[in-house]
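Below is one structure; the comments refer to it alone.
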Amino acid sequence: MVRAQFTFPRGFLWGTATAAHQVEGGNAASDWKAWEREPGRVLGAHTSSRACEWLQGRYIEDFDRAVADGHNALRLSVEWARIEPEPGRWDAAALQFYRAQLLALRERNITPMVTLCHFTQPLWFMERGGWETPACIQLFERYVQKVAAELGDLCTLWCTINEPNAYVFAAYVAGVFPPGRHNLLLAQQVHLNQLRAHAAAYYALHAARPDARVGWAQYLRGFVAARPGFPPDRWAANWQHQLFNMGWVNAVHSGRFRMLQRSVPVPECRGTCDWLGVNYYTRDLVAFDLRRPFELFGRRQYAPADVLSENGFIASHPAGLFRALEEMQAFGWPMFVTENGVEDAPDSMRPAYLLEHLRALWQAVCFNYPVHGYFHWSLVDNFEWERGWTQRFGLYALDVETQVRTPRRSAQLYAEICRANAISAETAQRYAAPLAGSMFPGSMLAG
Ligand code: IFM
């Protein structure tokens with residue numbers, strides 16, 4: 001067999017991404033803990049409960065798994081509600097808990113990337129109006145200053161806010177995240193306030209640590225006109241793309257934030273990006289639909305021929321990852337793929353999904369797009385928000401009761417890629433034989 005392989009640049013970061021609320025457990029002072037207690041909020045009345053027991057120290061065994069699998073980076077988040085359970089009161093034990101995590105990563109030569117806000121907030125913050133009022137900017141800044149002072153010596157890569165667009169959609173449009181609102185105008189205000197809070201965090205981190213490299217993780221979803229020859233579909237797809245995907249990106253680039261009814265100057269946000277995180281999972285076909293004002297008159301659906309994940313949540317479209325990176329590289333920022341993955345308990349789709357998305361990533365690297373790492377979502381199955389434990393994104397399967405982790409085949413596949421810093425034809429052949437021929441065309445796989 002020809003020993004063909006797609007090789008990544010030296011020093012490329014390979015890891016997984018996690019979020020505090022989804023893996024730690026016992027997150028008592030957060031808005032999500034309260035939300036989970038309300039009937040009907042989470043599928044099957046599931047709760048995060050002990051999650052993956054990182055709070056009890058199981059992060060150590062998970063970091064050991066990561067290092068054994070050849071990962072050299074890991075993205076995790078710190079929990080604001082744990083660090084500041086009451087306004088202005090800092091919890092020393094919580095800060096110590098995160099210091100211990102970062103030290104454990106350093107001992108294993110794993111580069112940490114720390115997210116400061118991943119979908120959860122302290123309950124007290126939300127009771128004061130949360131991100132709806134401009135006061136959120138100083139409150140977030142104060143929290144970030146504290147984290148930078150306490151943890152800044154242990155981390156360089158900082159992600160201010162995870163997927164602000166997905167958060168705003170879930171919490172203020174679809175109403176499936178706390179505070180469960182359905183208000184487009186408020187959604188835009190929250191998006192703007194978070195953007196300003198991001199900028200304040202950017203400067204706070206740089207003031208505390210000149211070596212800090214600060215970005216955010218942008219959820220980028222593909223939006224494609226369902227009927228490309230039908231202008232209203234193209235209009236609806238473009239609107240969704242501009243407002244959902246590009247709002248923050250354009251604002252940080254230009255210093256102007258575009259809202260539905262106007263555009264707002266945000267000069268303080270301009271340039272607050274040392275790197276851009278791309279979270280890419282899937283793409284939609286968008287059809288114009290007057291009955292969907294909340295979704296900007298676009299009805300989103302997967303194409304009939306799409307390969308869908310276990311619960312139909314994700315359609316595999318690796319070309320969308322390439323396209324996202326292509327569009328983003330025009331801004332000139334270094335990039336990481338900060339999330340990508342698929343819910344798939346039986347691991348029947350994940351090997352091909354992973355291989356095809358990594359090939360798309362490799363193509364982007366070959367085009368000299370400045371992508372410096374990839375973080376798979378996720379290391380171990382974890383609490384998937386309003387879908388509870390019904391969706392399994394882990395390279396390792398989790399038995400929530402016993403906390404036993406079992407590697408899926410994809411854990412091995414990903415480990416081979418991380419260790420080699422490359423995807424070989426032989427690896428593709430072993431994990432996704434039907435795909436290998438198209439990934440490595442010609443006769444090289446024969447014999
Ligand atoms: O689990 C989430 C994560 O918290 C944010 N990005 C998408 C993931 C999978 O749905």
Across region 13-39, what is the number of residues that are in contact (Cβ under 8 Å) with a residue 12 or more places away in the chain and either of a type in the set (Lys, Arg) or part of a strand (DSSP E or B) (or both)? 7
Scanning region 249-299 for residues that are small (Gly, Ala, Ser) and touching a strand residue (DSSP E or B) at 6+ places or on another chain (Cβ under 9 Å), the one farthest from His118 (Cα to Cα) turns out to be Ala287
Report every pair of residues separated by at least 6 positions or lying on different chains whose Cβ atoms are under 8 Å apart, first residue within region 159-184 and over 24 Å from Trp377 (Cα atoms), second more than 14 Å from the ligand (Cβ to nearest atom) and among the polar types (S, T, N, Q). Tyr172/Asn183; Val173/Asn183
Restricting to region 1-46, what's the tally of residues that are more than 16 Å from the ligand (Cβ to nearest atom) and aromatic (Phe, Trp, Tyr)? 4
What's the total number of residues in region 311-320 that are within 14 Å of the ligand (Cβ to nearest atom) and either surrounded by fewer than 23 Cβ atoms within 10 Å (Cβ to Cβ) or over 23 Å from Tyr396 (Cβ atoms) (or both)? 4
Can you find a residue in region 431-443 that is closer than 17 Å to Tyr281 by Cα and either more than 14 Å from the ligand (Cβ to nearest atom) or surrounded by fewer than 24 Cβ atoms within 10 Å (Cβ to Cβ) (or both)? no
Residues of region 332-365 satisfying the condition of being among the small types (Gly, Ala, Ser) and either crowded, with 19+ Cβ neighbours inside 10 Å or within 16 Å of the ligand (Cβ to nearest atom) (or both): Gly341, Ala345, Ala352, Ala360, Ala364
Wholly within region 171-286, which helices (runs of 4 or more DSSP H) include no fewer than the required count, namely at least 3 residues that are within 16 Å of the ligand (Cβ to nearest atom) and either more than 23 Å from Thr156 (Cα to Cα) or aromatic (Phe, Trp, Tyr) (or both)? none
Read through the list (1) within 27 Å of Trp32 (Cα to Cα); (2) of a type outside the set (Ser, Thr, Tyr); (3) buried (at least 24 other Cβ atoms within 10 Å of the Cβ), then give the number of the only condition that His71 fails. (1)
Checking Leu76 against (1) touching a Phe, Trp or Tyr at 6+ places or on another chain (Cβ under 7 Å); (2) part of a strand (DSSP E or B), only one condition comes out false. Which one? (1)
So Gly394 fits all but one of (1) surrounded by fewer than 18 Cβ atoms within 10 Å (Cβ to Cβ); (2) free of Cβ contacts under 8 Å to residues at least 24 places away in the same chain; what number is the exception? (1)
Using beta carbons and a limit of 9 Å, which pairs, at least six apart or on different chains, have the first residue in region 108-121 and assigned to a loop (DSSP other than H, G, I, E, B) and the second one charged (D, E, K, R) and within 12 Å of the ligand (Cβ to nearest atom)? His118/Glu163; Phe119/Glu163
For a quick check of your reading of the model, give me the residue pairs whose first member lies in region 404-415 and is within 18 Å of Arg359 (Cα to Cα), whose second is among the acidic types (Asp, Glu) and surrounded by 18 or more Cβ atoms within 10 Å (Cβ to Cβ), with beta-carbon atoms closer than 7 Å and at least 6 apart or on different chains. Ser410/Asp347; Ala411/Asp69; Tyr414/Asp69; Ala415/Asp69
Just to verify a result, which residue in region 397-430, among those that are within 18 Å of Gln5 (Cα to Cα) and of a type in the set (Gly, Ala, Ser), is surrounded by the fewest Cβ atoms within 10 Å (Cβ to Cβ)? Ala420
Ala236: surrounded by 22 or more Cβ atoms within 10 Å (Cβ to Cβ), closer than 30 Å to Pro304 by Cβ and aliphatic (A, V, I, L, M), yes or no? yes
Determine if region 209-219 includes at least one residue that is within 25 Å of the chain's Cα centre (by Cα) and under 20 Å from Arg292 (Cβ atoms). yes
Which members of region 374-428 meet the condition of being more than 16 Å from the ligand (Cβ to nearest atom), in contact with a Lys or Arg (Cβ under 8 Å, 6 or more places away or on another chain) and β-branched (Val, Ile, Thr)? Ile423
Tell me whether region 333-342 contains one or more residues that are aromatic (Phe, Trp, Tyr), touching a helix residue (DSSP H, G or I) at 6+ places or on another chain (Cβ under 9 Å), at pLDDT 95 or above and within 25 Å of Glu426 (Cβ to Cβ). no
Within region 389-447, can you find the residues that are under 25 Å from the mean Cα position of the chain (by Cα) and basic (Lys, Arg)? Arg392, Arg405, Arg408, Arg409, Arg419
Which condition does Ser49 not pass, out of (1) part of a loop (DSSP other than H, G, I, E, B); (2) of a type in the set (Gly, Ala, Ser); (3) within 16 Å of the ligand (Cβ to nearest atom), if it passes all the others? (3)
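The values are calculated or read from the model by the stated rules, or taken from the named source; none is laboratory data. Here the structure is a predicted model, which means the values were calculated and not measured. Using ideal geometry, Cβ is built from the backbone for each residue, glycine included, and neighbour counts are taken over all protein chains shown.
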